[in-house]
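Please treat every number below as a calculation from the coordinates, not as lab data. These numbers were taken from a predicted model, which means no experiment stands behind them. Note that we place each Cβ from the backbone using ideal geometry, even for glycine, and neighbour counts take in every protein chain shown.
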Amino acid sequence: MTPSWSEMARVFGRIGVLSFGGPAAQIALMHRELVDEREWLDEQTYLRALSLCMLLPGPEAMQLATYAGWRLRGVPGGLLAGLLFVLPGAAVIAGLVAGYVAFGTLPAVQAAFLGVKAAVVVIVLQALLKVSTRALTGRAAWVIAALSFVAIFAFNAPFPLIVGLAGLWGYLTAKGTAPPAPVPTVNPVPTLAGWLALWLVPLLALEWAGQDFLAGVGWFFARLAVVTFGGAYAVLGYMTQTVVQDYGWVSTAQMIDALGLAETTPGPLILVTQFVAMLAGALREGPGLAAAAGAVALWATFAPCFLWIFLFSPYLDAIAARPRLAAALKAITAAVVGVILNLSLWFALHVMFGRVGILDGGPLHLPFPDLGTVSPKALALTALAALLLLKLHRGMGETLAILAVAGLLASWL
């Protein structure tokens, strides 16, 4: 039975509002709502769709919601489900940016954010542990992860290159053959051309209109959307390197604050792109440019998610039967472990030490801290976050709140 539009809006709106806790929690929530309680999707279809979304760049939970809506009501249903998954979190992010710009420099707020930053260090470490458990299942995976870490940490290799090489290696070394699978007689050209135009023409228009900053925001996050394999944590290092070091849109401290606040919102963590874009716009000109930059970042980040789902969903069975694609994804996931390890160390160094330099010689580009600038408060707060998250298994929101209060207390002592 096909659900009504009002029922779909209610259910997917509920999913969007309650989708805290990262992709694992979001996928579990959707499984309960769509498979267990309403039987809108059967178990096998849901799992195949999840596999497809893991093969595609972008936030897999948002794309899974989009697929479910497409399966139930075609393209309009996919748009409804995908937008309802993103918009509640986007609204919260907009409010957080306004508060951060207004109050973020106050000493008490900065003290609270030291606790949030310490929590972020452990949150990223926790993500690393979860991903590595799933991804590092053999010697080859460990080697790929190690090489990826060295490439990005010591030599500043571009993240897209690392992902591309890992995927190519997995594809070329895969064993097994694909069983025959029915391929639908759907012409993909109209979908591809239409959604590429919808995605990229607005960015071209910004460039032609001389809106250099907004066009730069759009093109950067559009490139980021194409290489977002393995979740938001995988591309945060690349994103941070670009927006902090190359473009100078935000500082390192502001980038870590952005991630900490994005962790508290519903929806995909990649909404941190909206936070960074809005903050960069606010720091340049004020609320008007901040709103425009946030809208551009959202468009550049999420429009391709609809493109991937509407383009590839008709081929779900054929794609799921391809062992080479599965092997490529496995290799990419192993590489992501190394990339997230780099992000963990990068965040830890910038939270624990007041100054972090770069040992730059030839191809070497190695970050190293000034040991004399170590922060005992940051060390203690990070230890508290590790106790709460890794030992006591407290929730992410609860841990962020406790660390913010602890940061305040530490500043008063």
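Which order do the peptides 371-384, 257-270, 188-201, 342-355 come out in when sorted by mean C-beta neighbours inside 10 angstrom, highest first?
Numbers: 371-384: 15.0, 257-270: 24.1, 188-201: 13.5, 342-355: 20.2.
In descending order of packing, they fall as 257-270, 342-355, 371-384, 188-201.
Quickly work out the ALA383-to-ARG38 label distance, labels modelled 7 Å from Cα along the C-beta direction, and quote it in nm with one decimal.
4.9 nm
From the phi of every residue in the stretch 300-317, what ³J(HN,Hα) in whole Hz does the Karplus formula 6.51 cos²θ - 1.76 cosθ + 1.60 yield, where θ is phi - 60° and glycine or proline is x?
5, 7, 9, 4, x, 4, 5, 4, 4, 5, 5, 7, 9, 4, x, 9, 3, 5
Could you identify which residue out of MET396, MET278, MET62 has the top mean-square fluctuation in a GNM of the chain using Cα springs shorter than 10 Å?
The residue that fluctuates most here is MET396.
Please report SER148, SER251 as a ranked list, fewest other C-beta atoms within 10 angstrom at the top and most at the bottom. Don't skip to the end; give the middle numbers.
Values: SER148 27, SER251 14.
Exposure proxy ranking, most exposed first: SER251, SER148.
Taking other Cβ within 10 Å of each residue's Cβ, how do ILE27, ILE358 sort, fewest first? Intermediate results must be reported in sequence, preceding the final value.
Values: ILE27 18, ILE358 12.
With the sparsest Cβ surroundings first, the list reads ILE358, ILE27.
Kindly write out, for the stretch 11-16 in residue order, the coupling ³J(HN,Hα) from the Karplus curve 6.51 cos²θ - 1.76 cosθ + 1.60 (θ = phi - 60°), rounded to whole Hz, with x marking Gly and Pro.
Here the 3J(HN,Hα) series is 5, 6, x, 5, 4, x Hz.
Stretch ARG394-LEU371 to full length: gain in nm at 0.36 nm per residue minus the Cα-Cα span? Could you put the intermediate results ahead of the total?
Values: separation 23, 0.36 × 23 = 8.28 nm, distance 3.14 nm.
Additional length available on full extension: 5.1 nm.
By how many nm would the segment from LEU349 to ARG10 grow when fully extended, if each residue of separation counts as 0.36 nm and the alpha-carbon distance is taken off? Spell out each step's value before the answer.
Working: separation 339, 0.36 × 339 = 122.04 nm, distance 4.41 nm.
The span from LEU349 to ARG10 would gain 117.6 nm if fully extended.
Expressed as an acute angle from 0 to 90° and rounded to the nearest 10, what is the orientation of the C-alpha long axis of helix 252-262 relative to the principal long axis of the chain?
Rounded to the nearest ten degrees, it is 50.
For TYR247 and PHE103, what does the FRET efficiency come to when R0 = 25 Å and r is the distance between their Cβ atoms, rounded to the nearest 0.05? Intermediate values should be presented prior to the final figure.
Values: r = 25 Å, r/R0 = 1.00.
Approximately 0.50, to the nearest 0.05.
Kindly provide the Kirkwood hydrodynamic radius of the chain in Å, to one decimal, from all pairs of distinct alpha carbon atoms.
22.2 Å
The stretch 290-355 to the stretch 198-268: how many Å between their Cα centroids?
Their Cα centres are 12 Å away from one another.
How high is the relative contact order of the stretch 1-68, in percent, counting Cα pairs under 8 Å that sit 6 or more residues apart? Write down the numbers at each step before the final one.
Values: 36 pairs, mean separation 19.3, N = 68.
Here the relative contact order equals 28 percent.
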